[in-house]
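Inspection log for the structure reproduced underneath, given as structure tokens.
The values are calculated or read from the model by the stated rules, or taken from the named source; none is laboratory data. Remember, predicted model here, so these are calculated numbers, not experimental data. For neighbour counting, all protein chains shown are included, and Cβ atoms are generated from backbone atoms with ideal geometry for every residue, glycine included. Surface areas here come from the heavy atoms of the whole protein model, side chains and all, with no ligands, DNA or RNA. Shrake-Rupley method; radii C 1.70, N 1.55, O 1.52, S 1.80 Å.
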Amino acid sequence: GIASGKSSVLHFFQKLGIETISADVIAKEILKKNQPTYLAILNHLGPSILLNNQELDRAHLREKLITDISFKKWLENLTHPIIRKKILASIQQSKSAYCVVEIPLLQNRTDYLIDRILWVNTPEDKQRIYLKERGLKSNEIEGLLKIQIEKRRQKSLADDIIENVASLQELEQQVQALHTKYLKLVSTNVNGLDS
């Protein structure tokens, strides 16, 4: 989910020499000025979606995502196949023992050929604090939390869970424990993890 500590978890896996792939980073890349996705959004919404520097107005996009269900569906249909293709290509090029793919709002494992799902669970009050620190307004925070996948559904998809409720040090310890587990799974090729 949003503001759950996924970026920190990725950073800790990277420190352990594991390649990571971020759907958020890919999404930002495909929304850069004059990229096909950028042009499609501009064509769909018109020039009012642009800032003075001709970049997409992300705050305006975020507001539209929260308030306009049909636009949210349109944008997902536009961006998700592109992001999925880039993620799958990156997985194929990965050279580390295993790789970690960060995918917000993951619905299932089949779209991305995922062997295991690690859920980073963070209490909503902590998510609100993180989002506020990012400069979001209360109505934006509540709107974004409302469009997240239910925690019950997230938990039901998960093979492994990180509880991000304390310090970064504790978060890193949880990542280290999972890294050890994943290396064992890779070496014995359990649960479909390939070496």
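Odds and ends about this structure:
- The mean sequence separation of alpha-carbon pairs under 8 Å and at least six residues apart, normalised by the residue count of the chain, gives a relative contact order of 32 percent.
- Along the axis of the charge dipole computed for the chain (Cβ charges of +1 for Lys and Arg, -1 for Asp and Glu, origin at the Cα centre), the listed residues GLN107, ILE69, VAL175 are led at the positive end by ILE69.
- Probing with 1.4 Å while keeping every protein chain in the model, the per residue accessible area of the chain equals 59 Å².
- Given LYS95/LYS151; LYS72/LYS95; LYS86/LYS184; LYS137/LYS181; LYS15/LYS64; LYS28/LYS155, the pairs whose alpha carbons are separated by over 30 Å: LYS95/LYS151; LYS72/LYS95; LYS137/LYS181; LYS15/LYS64
- Packing, as the average of other Cβ atoms within 10 Å across residues, places the peptides 133-143, 6-16 in the order 6-16, 133-143, highest first.
- The dipole here belongs to the chain: it is taken about the Cα centre, uses +1 on the Cβ of Lys and Arg and -1 on the Cβ of Asp and Glu, and is about 240 debye.
- Cβ-based net charge around ILE49, under 15 Å, with every Lys or Arg adding one and every Asp or Glu removing one: +2
- With θ taken as phi - 60° and the Karplus curve 6.51 cos²θ - 1.76 cosθ + 1.60 applied, the whole-hertz 3J(HN,Hα) list for segment 125-139 is 5, 6, 4, 4, 4, 4, 5, 5, 5, 7, x, 7, 7, 4, 5 Hz, x standing for glycine and proline.
- Here the spin labels are modelled as points 7 Å beyond Cα on the Cα-Cβ line, and at LYS72 and LYS181 they lie 3.1 nm apart.
- Between ASP115 and LEU51, the FRET efficiency from the beta-carbon distance, with R0 = 41 Å, is close to 0.50.
- Using a probe radius of 1.4 angstrom, the carbon and sulfur fraction of the accessible surface of the chain is 52%.
- For segment 74-80, 3J(HN,Hα) computed residue by residue from phi via the Karplus equation (6.51, -1.76, 1.60; θ = phi - 60°) reads 4, 5, 4, 5, 6, 8, 4 Hz, glycine and proline entered as x.
- Dividing the C-alpha radius of gyration of the chain by 2.2 N^0.38 Å, with N its residue count, gives 1.09.
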